[in-house]
Amino acid sequence: MSKTDIENFVDAPGRAELVKEVRRQIDELGIEYLYLQFPSITGRICGKGIPADHWESIAKKGFQLVYGATVNLFTNRNGDYFGYGPEAAELVGIPEPDTFCQLPWDKRVGRFYCTLFRNREEREDPGAFLTADSRGNLRRLHETFQEKHGLHLRCGTEPEMMWLKKDENGQPNGGYSNPYCYHIDQFESLRPVYMKVIEYSRAMGLDII
């Protein structure tokens, strides 16, 4: 009987050594808590958190979460969940050891990205890669693309943002800075923000240009 996708993923060559290396880093860095993350289909970061004591167990068994988390648990106008109902089984998320990162804004916390799978008890395709896992889909498509063309996809993002003030009800009410596009006053007023963004991004291995 052939193995499922989830079994092949957990039993991949070299993974056991990576799991042990993560434990060494957790202990060395004093990590107490772990974020297990994945993006929804709209790019919202979802997931679960666990105490770091349970790293080895979660690395093997993963965590379970409702399938609807991949579509932000949104409902339609009739109140029905998009994609999956509350009666559906739960997805399985398996953390990827090579994505471990200590959060620079709270060094007690570590972060992993996860690959998502269908539940092991599903009648159809148990333990298969979850088709609603946008990040997993992209990674597998990219691996196929590399094999076929020998090229590596590079991508980046240019976040456009506004820093807004809030009124007494927590609603947006005016801006943090003056509306002068490209004026150096804008940079100066937001310097505490962008310096932290740069500091944290570099600490997490992101290149800022």
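Structure values in brief
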quantity	calculated
Selected residue (criterion: nearest to Asp207 (Cα to Cα)) from residues of the stretch 137-158 that are of a type in the set (D, E, K, R) and surrounded by 12 or more Cβ atoms within 10 Å (Cβ to Cβ)	Arg139
Residues satisfying the stated conditions in the stretch 159-185, i.e. within 20 Å of Val197 (Cβ to Cβ), modelled with pLDDT of 80 or more and part of a loop (DSSP other than H, G, I, E, B)	Tyr182, His183
Pairs, first at negative phi in the stretch 1-16, second of a type in the set (Lys, Arg), C-beta under 7 Å, six or more apart	Ile6/Arg120; Val10/Lys60
Matching residues in the stretch 20-38 - criterion: being surrounded by fewer than 18 Cβ atoms within 10 Å (Cβ to Cβ) and touching a helix residue (DSSP H, G or I) at 6+ places or on another chain (Cβ under 8 Å)	Glu21, Arg23, Glu32, Tyr33
Residues satisfying the stated conditions in the stretch 78-136, i.e. surrounded by 16 or more Cβ atoms within 10 Å (Cβ to Cβ) and among the β-branched types (Val, Ile, Thr)	Val92, Ile94, Val109, Thr115
Qualifying positions in the stretch 89-113 - in contact with an Asp or Glu (Cβ under 9 Å, 6 or more places away or on another chain) and among the basic types (Lys, Arg)	Arg108
The stretch 186-209, residues that are surrounded by 11 or more Cβ atoms within 10 Å (Cβ to Cβ) and farther than 30 Å from Asp98 by Cα	Gln186, Phe187, Ser189, Leu190
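The values are calculated or read from the model by the stated rules, or taken from the named source; none is laboratory data. Please read these numbers as outputs of a predicted model, since none were measured by experiment. Every residue, glycine as well, gets a Cβ built from its backbone with ideal geometry; the counts of neighbours run over all protein chains shown.
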